[in-house]
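*Asks:* I have a structure here, written as structure tokens, and I will follow up with some questions on it.
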Amino acid sequence: GILHTPPHHRRNLRRKEKARMSAIQGMMDNQALTKKEQKEIESMMQDMMFREMQEVYIGLVDRCFNKCVNNFRSRKVQSSEKECIKNCVAKSIAHTKRVQMRFTEQNQKLNAQMQAGAAGGMPPTQ
């Protein structure tokens with residue numbers, strides 16, 4: 001499964017899935033779809049989002065493990081390793097939340113600009 005896929009292959013899969021999601025979104029925006037087609041597309045998008053969440057989680061585990069666990073002489077995780085992992089995960093989660101917040105802000109600005117342009121206001125600017 002995805003856990004055993006090398007990182008460079010996972011990146012290629014993510015690019016392909018993002019392209020597929022973009023194409024699906026374009027279809028949904030530009031065509032009237034039947035209820036069955038809408039449900040199929042929604043299911044596909046949910047699957048892609050789930051896989052993306054798995055990728056984020058796997059990346060977090062890889063990063064924090066490689067950064068924090070470096071003593072393999074003991075079967076137990078050392079207290080310093082536990083603390084490092086705890087901090088690594090906390091920082092990664094905080095970073096992800098911050099990126100999501102900024103993405104939402106930018107999306108809201110873009111939507112407002114597009115609505116203003118559609119209402120006869122100024123065209124969107126970047």
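The values are calculated or read from the model by the stated rules, or taken from the named source; none is laboratory data. Please read these numbers as outputs of a predicted model, since none were measured by experiment. Neighbour counts run over all protein chains shown; Cβ positions are idealised from the backbone, glycine included. These area figures cover heavy atoms from the full protein model, side chains too; ligands, DNA and RNA do not enter into them. Shrake-Rupley method; radii C 1.70, N 1.55, O 1.52, S 1.80 Å.
*Asks:* Based on what the data block shows, is residue 56 modelled with pLDDT of 90 or more, of a type in the set (A, V, I, L, M) and surrounded by 10 or more Cβ atoms within 10 Å (Cβ to Cβ)?
*Replies:* Numbers: modelled with pLDDT of 90 or more: no; of a type in the set (A, V, I, L, M): yes; surrounded by 10 or more Cβ atoms within 10 Å (Cβ to Cβ): yes.
So residue 56 does not fit the description; no.
*Asks:* Next question, about the same structure. Return yes when residue 44 is surrounded by 11 or more Cβ atoms within 10 Å (Cβ to Cβ), at pLDDT 70 or above and assigned to a helix (DSSP H, G or I) and no when it is not. Write out each step before concluding.
*Replies:* Working: surrounded by 11 or more Cβ atoms within 10 Å (Cβ to Cβ): yes; at pLDDT 70 or above: yes; assigned to a helix (DSSP H, G or I): yes.
Yes; evaluated as a whole, the condition is true for this residue.
*Asks:* Turning to a different aspect of this structure: Checking residue 117 against (1) open to solvent by 60 Å² or more (accessible area, probe 1.4 Å); (2) without any contact (Cβ under 8 Å) to a residue 12 or more places away in the chain; (3) over 16 Å from the mean Cα position of the chain (by Cα): exactly one of these is not met. Which one?
*Replies:* Of the numbered conditions (1) open to solvent by 60 Å² or more (accessible area, probe 1.4 Å); (2) without any contact (Cβ under 8 Å) to a residue 12 or more places away in the chain; (3) over 16 Å from the mean Cα position of the chain (by Cα), the odd one out for residue 117 is (1).
*Asks:* Now for a separate question. Taking the condition open to solvent by 60 Å² or more (accessible area, probe 1.4 Å), farther than 22 Å from residue 19 by Cα and part of a helix (DSSP H, G or I), does residue 65 pass?
*Replies:* Working: open to solvent by 60 Å² or more (accessible area, probe 1.4 Å): yes; farther than 22 Å from residue 19 by Cα: yes; part of a helix (DSSP H, G or I): yes.
Yes: the conditions hold for residue 65.
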